[in-house]
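No lab work stands behind these numbers, since they all come straight from the coordinates. In this text, all values refer to a predicted model and were calculated from it rather than measured experimentally. Virtual Cβ from ideal backbone geometry, glycine too; neighbours counted across all protein chains shown.
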Amino acid sequence: MLIRLSTWTAACALVPSAVAFYPIEPDYGDSSNGNSERRAALSPPSHPSSNTNSPRGSVTLPLRRVPISSRQNSYNIVNNKDPSHANSVAVDQDGNDLSYMAAITIGNSKEEYHLLLDSAASNTWVMGQDCATDACRRHNTFGEGDSDTLKTDSTTFDITYGTGSVSGTTASDTIHIGSLSNELTFGLATNVSSEFEAYPMDGILGLGRGDNVDGTVEAKGIIEALHTSGVISAKLYGVHFSRASDGVNDGELNLGEPNKDRYSGDLNWQDNVDNDRGFWEVPIMGAGADGTTTNLKGRTGIMDTGTSYMLIPEDDAIAMHKLIDGYSQSGETFSVPCDTKKPIQITFGSQTYNISSTDWVGGTLSSGGCKSNIIGRQTFGETQWLIGDVFFKNVYTVFDLDKSKVGFGVKDPTASGNGNEETSSQAPSTTTSAGASPTASSSETLSTTSVPGTSATSQSIQQGGARQGSSHESMLALLGAVALLVVFV
Ligand SMILES: *[C@@H]1O[C@H](CO)[C@@H](O)[C@H](O)[C@H]1NC(C)=O
Ligand SMILES: *[C@@H]1O[C@H](CO)[C@@H](O)[C@H](O)[C@H]1NC(C)=O
């Protein structure tokens, strides 16, 4: 029994190791929403036909880039400003703070591909032109004929994510990211599962530390490749993620050097704990809310830019929410009063970081409460917390591959765009929602049609459309099945 259990744990750990995101469709116990909301929650963005104002969907805000030829990509993407800092690229997002992406071009093609920034995995891939699945049909695809310098090969790759799978063959070409260019070997996906229909990205940019999973894209990652050819001087990157409701759109990925203008004081460097999964995982010295700490000890945080929220084991989530007056729990999700202003706090080393209520308090529920973006779900080990974009909107974070450290910088609240001010969760909605939410006073950016979740993929859905969603259960089933397979192999 014991052996089985630990085998199971190990197996579970194996599965998502190549993986950014996790399926999640928390049920907030919002009974009046019923099934229709559950279905809406699984809907992908609308089809092009329902979204006529632009070939790419309702692209709001600075349209920095216009694709030469628009294929089927009809997802909302809010382009952020081109950074002034050297060796940097804008981090675009979906308008709901759920998926953060960088636009790249490949070879001599002018087409842009938005790749999800994924610090928890090390595989880079883009949807290939030979991919005929619906997910690929809706996105920008790349292949022979797009770039004269593309070199394909016959090495296959196969990645099983918590939310689906991707397979194909590897290829090499020059990747252009911001002003930087470098040869990179990446996956050209020929089979992309339906889960990816729900998300705006055309592929994934692996920014993990390298994993030991066979059969994935086995090549140098972008940071290492840029460093090897001397394009960047240090093997590190820093991220500043924008909050859509701020309207500043200054998200940026800094390559090779942190942007000192993004934080005050020094970076607080923390050593990675040992793991062979390529996670950026650091010890959590304390956690609480608004100056009151829980007595949770021995936890670690997996810093995952590919996850939208925070997923922590249920008991830990209860301990955290106990610090919030008026909270209630429903399964893995929690509801809190919408006027909650307390920041959630996490301590790394001796420095405590705030996650503003603007970010951890989500949309309204019919009960009158608001969703908490801290979900009670164990994704990996029982002391491991998956810390996603709610954190990166609040803390400038640097990932150093050479030193195997993560550096945290306190964002200067007075700097524009850092948005540490406590705006209420009743900020105006910036998105359209498909399905009528019962309480549709529609607070804040996460409309009730969104799936609160974690991941990149778990979410989405600015404008609900149409996927008939069976996928949640089946995704979980998939995860379970793969885990089982590993157990019994
Ligand atoms: C695509 O992947 C799915 C899931 O792994 C698999 O069932 C299917 O056979 C694959 N299709 C092709 C054409 O390889
Ligand atoms: C975190 O929030 C508290 C209020 O609970 C505030 O006093 C403190 O200055 C904030 N810290 C930072 C680093 O912004």
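Placing pseudo-labels 7 Å out from each Cα toward the beta carbon at residue 144 and residue 314 gives an inter-label distance of 5.2 nm. Take the convex hull of the alpha carbons in the stretch 260-388; its mean projected area over all directions comes to 8.5 nm².
The coefficient of translational diffusion for the stretch 47-240, derived via Stokes-Einstein from the alpha carbon Kirkwood radius under 20 °C and 1.002 mPa s, stands at 128 µm²/s. Built from the Cα atoms of the stretch 199-313, the convex hull projects on average onto 10.4 nm², one quarter of its surface area.
Summarise the long-distance tail of P(r) for the stretch 324-365 by giving the % of C-alpha pairs beyond 15 Å.
Here the tail beyond 15 Å accounts for 48 percent of pairs.
Amide H contacts for residue 348 (H built 1.01 Å from N in the peptide plane; partners 5 or more residues away or on another chain; cut-off under 5 Å): 285, 353.
Please go through the stretch 99-197 and write out the trypsin sites (Lys or Arg not before Pro) that DSSP classes as loop and that have at most 15 other C-beta atoms within 10 Å.
110
Projected label points at residue 260 and residue 151, each 7 Å from Cα along the beta carbon direction, are separated by 4.0 nanometres. On the beta carbon distance between residue 86 and residue 297, with R0 = 41 Å, the FRET formula returns roughly 0.50.
For the pair the stretch 105-178 and the stretch 264-297, the centres of their Cα atoms are 33 angstrom apart. Modelled label positions at residue 269 and residue 367, each set 7 Å beyond Cα in the direction of Cβ, lie 4.5 nm from each other.
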